[in-house]
1. Sum up the charges of everything whose Cβ sits under 11 Å from the Cβ of GLN225, counting Lys and Arg as +1 and Asp and Glu as -1, but leave GLN225 out.
2. Once you have the Cα-Cα distance between LYS126 and ILE208, take 0.36 nm times their residue separation minus that, and quote the gain in nm to one decimal.
3. Please report, largest first and rounded to whole Å, the three semi-axes of the ellipsoid equivalent to region 173-263, where each semi-axis is the square root of five times an eigenvalue of the C-alpha gyration tensor.
4. Where a ≥ b ≥ c are the square roots of the eigenvalues of the C-alpha gyration tensor, would you call region 184-333 rounded, which needs a/c under 1.5, or, failing that, prolate if a/b is larger than b/c, or oblate?
5. For region 106-177, just run the numbers: alpha carbon Rg, then divide by 2.2 N^0.38 Å, N being how many residues it has.
6. So, in Å, what gap is there between the alpha-carbon centers of region 222-277 and region 37-51?
7. At R0 = 22 Å, how high is the FRET efficiency between THR185 and VAL250 if r is their beta carbon distance? Nearest 0.05 is fine.
8. Just from the alpha-carbon atoms, what are the Rg and Dmax of region 146-224 in angstroms?
Amino acid sequence: MIWERWRRSLRPDRHPQPLKPFEDLIEEAPVIALLLDREHRVLAANEAARRYFDIDAARLPASLVEVTLEGKLVDLLRAGTPEGETKLVPGPRPGETLMFLLDVTELRRLERVRQEFVANLVHELKTPITSLRLTAESLLGNPASRDRARFAESLVREADLMSRIIDNLRQLAELESGALILARTSFDLRDLVQELGQRLAPNRLLNIDMPQHMIISTDRPKLAQALGNLVDNAAKFSPPESAIDFRAEVVEEKVRISVRDRGPGISPEHWSRVFERFYKVDRARPREAGGFGLGLAITKHLIQSIGGRIWTVAADEGGQVFYIELPEDALTGS
């Protein structure tokens, strides 16, 4: 543990010469560290502590509560029994105490994400697994021949559903690992968009607003899959036969692409979370209509893998618009 190493470093028998000042000892320690006196005043704070608690070093010494706005820390100090991420170590001079704190905000967020992922995965797999079991049990009852064919079709459909979920998770794992190799080529963005529209939304009008012959250089298959997911989403969530708007322009020497639907839109509190695995704005929406909640997560990682970024906002004219911004080196000519 890091505080045990600091405890050993502060032992007098390990320092035949006078101790260095507090700032020299733990200024750059990768944990929050505060030096306290007998009255629980903060005498000094290392860089991590000043940044975390927004401490003005010129105001020290000051009370622990005033500096941290955390009354619980005073209770722990008085009790002398630290809890969880708090550790107390004797200071370099009599009556002084070193308080070490670990900022576990990110660790807790990751743990929450992991728990939500497991819960969502179980939720998504429960329905097809239950359907598979019920259908198999029906087949065991030796139904009529026409019913056997219907049950067999249901088995194939649910097995395909589970296979797609697994394939999507496998691709997400590959994208998140950063192990995929980029295959960079130059191509006309308009040609790619027209291909996607004909394949994914043949019965919809695709309004394309972009320069003629906009030549870009990036991994075409990855960008095609990302844009295809957005076009497919726009088609799913928009009224039948409504148009999909596709726009591409150069903003501050970067290619910015947008795909706008004419659906009900997404409330602002969901904008950042729609790119999380299995996250669904409307969980009551049928799976066939809304997918598994993996498409936008894959899209985000695809765009990040080619050096870009993605975000979403409400469209001024209604509906939702998704933006993709490619890095500067993607633009080769237009």
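1. Working: positive: ARG220, LYS222; negative: ASP219, ASP232.
Taking every Cβ under 11 Å from that of GLN225, the sum is 0.
2. Values: separation 82, 0.36 × 82 = 29.52 nm, distance 4.07 nm.
Full-extension gain reported as 25.4 nm.
3. Numbers: eigenvalues 107, 60, 27 Å².
Largest first, region 173-263 gives 23, 17, 12 Å.
4. Details: a/c = 1.72, a/b = 1.42, b/c = 1.21.
Because a/c hits 1.5 or more and a/b exceeds b/c, region 184-333 counts as prolate.
5. Its radius of gyration relative to the 2.2 N^0.38 Å reference: 1.52.
6. Cα centroid to Cα centroid, the span is 48 Å.
7. Values: r = 20 Å, r/R0 = 0.89.
After rounding, the FRET efficiency stands at 0.65.
8. 18.8, 56
Where a number appears in this text, it was derived from the coordinates with a stated rule and is not lab data. Because the structure is predicted, anything quoted here is derived from the model rather than measured. Heads up, the Cβs are rebuilt from the backbone with ideal geometry, glycines too, and the neighbour counts pull from every protein chain shown.
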